[in-house]
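To keep things clear, I will list the structure first and then write my remarks on it.
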Amino acid sequence: MQKISVCIATYNGQDYIEEQIESILRQLSIGDEILISDDGSTDETASIIENIGDARISVIKSEGPKGLLRNIETALVKATGNYIFLADQDDVWIFGKVKSMVAALDLYHVVVCDCSVTDANLNVIHPSFYHHQKSGSGLLKNLWRNSYIGCCMAMRREVLDKAIPFPKDTPMHDWWIGLVGEAAFSTKFISESLVFHRRHGKNLSLTSQGSSFSIMRRLQWRVILIKNLIHRLYFT
C-alpha cells in the first residue's frame, strides 16, 4: 500500500483553501497526509485549516515571507509518502484524480494530468490546459516551452529525493521537477482532466498565464536550468 503526501504552499488563501482541502481529503486514505506550508498569511487561512479538524493535515508556519519556491520546498521536505502530489491552494480536485494518478505512478516516475482552467467561480475558461500549452513529455520540448504545472503533478519518492533541495536560482519549482523527471526518470502526461484550476488574479503561481518577462530573461532561465540539471545529475 503506497502512502500519499499532498504538499500545498499557502499565503492568504482564505477564499478557497477549505474547498480545495475538502476535495483532496475525500480522495485520501487514513494513512495519507496533507502538508501545508504557510508563508505568514495575515488573513484567516490558518484558522480555516485548523477548523477542518482532520488529523491527516499538518501545517508548517513560516516566520516571514520567503516566496513560493521556498514555501513549497518546506512542505516537500517534510513529506513522508511514497507518492507525492503537488496542489495549489485555490483549485478543486475532481473526484478520481488520486486513483487515476496513482495507477499511472505505478508505471511512471512523474505523472501529469490535464486540468480545466476556470475563473474564480469555477466557470471554465479553457477546457484543456494541455491544448492551451501544447503539453507533453520530452526534455528539449519542456526546456523550450514548459508544460509542467504543479497543481497537476505527482511523483515517486525517488524523484523528489533527486529534485530537492531546489537550486537557489530555480525559476519555477514545477518546471525544475519536470525536467529532473525528463532527464533521469520516466514521465507520463495522462489525458484526463482532473483539476479545476482557478485563475482569479491573486494566484501564487502564474504557470497558466502568458509570460511578462523579457526574451533575455527567459533565455537566462533555460541556461540556469541546464546548468543545474548537469550539476544535480552528474556531480551530486
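The values are calculated or read from the model by the stated rules, or taken from the named source; none is laboratory data. Please read all numbers here as calculations on a predicted model, not as lab measurements. No Cβ is skipped: glycine too gets one built from the backbone with ideal geometry, and neighbour counts run over all protein chains shown. When the accessible area is computed, the model is the full protein with side chains, heavy atoms only, and any ligands, DNA or RNA have been set aside. Shrake-Rupley method; radii C 1.70, N 1.55, O 1.52, S 1.80 Å.
Descriptive notes on the structure:
- The three principal axes of the Cα atoms in region 86-180 give end-to-end lengths of 37, 28, 24 Å, sorted in falling order.
- If you take all other residues with their beta carbon under 15 Å from the beta carbon of residue 165, and give Lys and Arg +1 and Asp and Glu -1, the sum is +3.
- Debye intensity ratio I(q)/I(0), log10, region 13-151, q values 0.11, 0.20 Å⁻¹ (C-alpha model): -0.46, -1.46
- The relative contact order of the chain, computed from alpha carbon pairs under 8 Å that lie at least 6 residues apart in sequence, is 22 percent.
- Value of [θ]222 nm, deg cm²/dmol, for the chain, DSSP H segments ≥ 4, -39500 (n - 2.57) each, nearest 500: -11000 deg cm²/dmol
- For region 1-149: accessible area per residue (Å², 1.4 Å): 45 Å²
- Here the chain is assigned +1 on the Cβ of each Lys and Arg and -1 on the Cβ of each Asp and Glu. Its dipole about the Cα centre then comes out at about 1180 debye.
- Farthest toward positive dipole pole in region 41-153 [+1 Lys/Arg, -1 Asp/Glu at C-beta], among 75, 147, 89: 147
- Each residue of region 78-90 was assigned a 3J(HN,Hα) from its phi angle through the Karplus curve 6.51 cos²θ - 1.76 cosθ + 1.60 (θ = phi - 60°); the sequence is 8, 5, 10, x, 7, 10, 10, 9, 9, 8, 8, 6, 10 Hz, with glycine and proline shown as x.
- Within the accessible area of the chain (1.4 Å probe), percent carbon and sulfur: 55 percent
- Whole-Hz couplings from phi, Karplus 6.51/-1.76/1.60, listed for region 166-174; x for Gly and Pro: 5, x, 4, 9, 5, x, 8, 5, 5
- Exposed loop sites were defined as GluC sites (Glu not before Pro) in DSSP loop states (anything but H, G, I, E or B) carrying at most 16 other C-beta atoms within 10 Å; in the chain the longest segment without such a site runs 64-236.
- Straight-distance crosslink candidates among aspartates and glutamates, where the alpha carbon sits under 12 Å from residue 78 and sequence neighbours closer than 8 are dropped: 33, 161
- Per-residue ³J(HN,Hα) for region 175-192, Karplus 6.51 cos²θ - 1.76 cosθ + 1.60, θ = phi - 60°, Hz, x for Gly and Pro: 4, 4, 4, x, 5, 4, x, 5, 7, 10, 9, 10, 10, 8, 9, 8, 7, 5
- Label-point gap, in nm, between residue 214 and residue 18 - each point 7 angstrom along Cα→Cβ: 4.6 nm
- Stokes-Einstein diffusion coefficient of the chain, Kirkwood radius over Cα pairs, 37 °C, 0.692 mPa s, in µm²/s: 184 µm²/s
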